[in-house]
Each structure stands twice: as C-alpha cells, then as structure tokens.
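The values are calculated or read from the model by the stated rules, or taken from the named source; none is laboratory data. Only a predicted model underlies this, so the values are computations on that prediction, with no experimental measurement involved. Cβ: placed from backbone, ideal geometry, glycine included. Neighbour counts: every protein chain shown. For accessibility, only protein heavy atoms count, side chains too; no ligands or nucleic acids. Shrake-Rupley method; radii C 1.70, N 1.55, O 1.52, S 1.80 Å.
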Amino acid sequence: NFVLVGNPFASQVNMDAVSGTNIGSSFYIWDANQGTRGAYTSYTFGSSSYNLPVCGAFVTTLSANGSMSIEEADKTNGTAGAPFKTTGITNQVELKLEDSTIFWDRLLLNFDDNAMATVDYPDAAKLYNPDMTFYTLSKDDSMLSIDTRPYVASETIKLGLYAGIKKNFKFTAPNVNMPAGTKLYFTDKLLSKTIEVTPAFEYWFTVDSSSASWGNNRFELNTQGVPTNGIANVNSS
C-alpha cells in the first residue's frame, strides 16, 4: 500500500522528525538529478539526514489503520534535499550505479541479527526507474532497495540490474561499514572477476545487447569472516 505524502509547510521538513503509526520503515523520494529522467531513491525513517524540500513529497507504505503526522516542530532551515549522511551507519554498505557523469541508482545493505533474510519491516521494496534499476534480491527473491538481513558468513547475496540503456557503467561504494572482523566481496560472474568492496571500490562494466550483460544472474556479493561483536539494531541511531 504505497501512499504519496506532500510537505504541508513552506519550509524544509526534517524527515528524521516525522512520526507515524503503522507506516513503513522507509520512504522514497524522486530525485530529478538521478539518471537522465529522474529515479526513486529510498531512505530509512530516523536515520536519513534528508530534508524534504518546500512543495516536495515522498512515498511510503501505510497499513489500513496507519497515520502520519508532520508538525511545526519538524520544520528545519537545513539544506533541502541533502541526500547523504556525513558519517556512515554502522554495519551498512551503500552501492551506487553511475557512469562518468550520471548517478543512476543506489542500494543499501544493512546487517542486523534481529532482521530476517526474507522481506520484513526494515526492508524497502524496489520501485522500477525509467532507465536503470539496481537492487538486491532477498532470500525469497523480492527486489529491495534497502536490504536488512542477519549477517551470515560465506553467504551469497544476489544483485539485480534492469538496464534500459546500453553503455559503460560503474559500481562504487561510497559508504562501507562492515561488521568488525568481516569482509564483503563483489563478483561479476559473466567475466569471472571478484573484488573486495572497500571505500575505494570502483568496478566498470558494459551493458550491451546480450541478455547476459544484465538481469539477476550476473552480479553478486559474498560475505567472509565472523563478526567479533553482535550486530543488532543497525538503524537505531
């Protein structure tokens, strides 16, 4: 049950202060600067550092008895539409899809031992974008833009890519905060290449007319190592 919620004020609204009952854990904004025709990007309520612009709106999920409140106290004079936190969230990895000049899409992978590997409350379903759509696949093969799951050593996490454009792209990882004692590896099965995901990670690849160059079977992530500490409540801060 996706609903569109508008900003009722002639002011930016701090989305971390917005409250609700029986609403989803995440929200989506339309970023007109993403790709060539705009695209959806998802954030988690309470840890987004996102300021909703004047006349802006967001999409979230709402149950039959759900409600949402945007109050005077939620207004802010902070910069509108600031999409990224200045510090990374613990046990979270952000992967971005870009090319030399354009940001196309991104996903968040959260590790939390209180979460499920199948779709549950902390996850955000992926909405299709006009050109390029990048996502993870949960254990029940649901497309996710925010994937919160327990950490499992030596686990394969499938990545999916819907490509409406044929050209050279790159994956980057601007925020990498793996649990202590663990590592994350990216694999391109088509080219048989595996690279560790670090803040310096950058992987160029080509989408062409071959169906094997995109889809749900080319890219994956693999965990390695055992955490030295418990990893719960990843989005509590």
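Candidates in the stretch 112-122 are the residues that are out of contact with any Ser or Thr (no Cβ under 8 Å at 6 or more places or on another chain) and surrounded by 15 or more Cβ atoms within 10 Å (Cβ to Cβ); of these, the one that is farthest from residue 33 (Cα to Cα) is 113.
The single condition among (1) of a type in the set (A, V, I, L, M, F, W, C); (2) closer than 15 Å to residue 98 by Cα; (3) out of contact with any Pro (no Cβ under 9 Å at 6 or more places or on another chain) that residue 157 does not meet is (2).
Within the set 151, 185, the sole residue that is without any contact (Cβ under 8 Å) to a residue 40 or more places away in the chain and surrounded by 13 or more Cβ atoms within 10 Å (Cβ to Cβ) turns out to be 185. Tell me, yes or no, whether the stretch 31-40 has at least one residue that is free of Cβ contacts under 8 Å to residues at least 40 places away in the same chain and under 30 Å from residue 180 (Cα atoms). Looking through the stretch 31-40, none of the residues is free of Cβ contacts under 8 Å to residues at least 40 places away in the same chain and under 30 Å from residue 180 (Cα atoms). The set of residues from the stretch 214-229 being open to solvent by 70 Å² or more (accessible area, probe 1.4 Å) and part of a loop (DSSP other than H, G, I, E, B) comprises 214, 217, 226, 228, 229. The set of residues in the stretch 1-33 being of a type in the set (S, T, N, Q), at pLDDT 90 or above and under 26 Å from residue 102 (Cβ atoms) consists of 12, 26. As a summary of the residue check, residue 128 satisfies the conditions (1) within 25 Å of residue 225 (Cβ to Cβ); (2) open to solvent by 30 Å² or more (accessible area, probe 1.4 Å); (3) touching a Phe, Trp or Tyr at 6+ places or on another chain (Cβ under 9 Å); (4) of a type outside the set (A, V, I, L, M, F, W, C) except for the one numbered (1).
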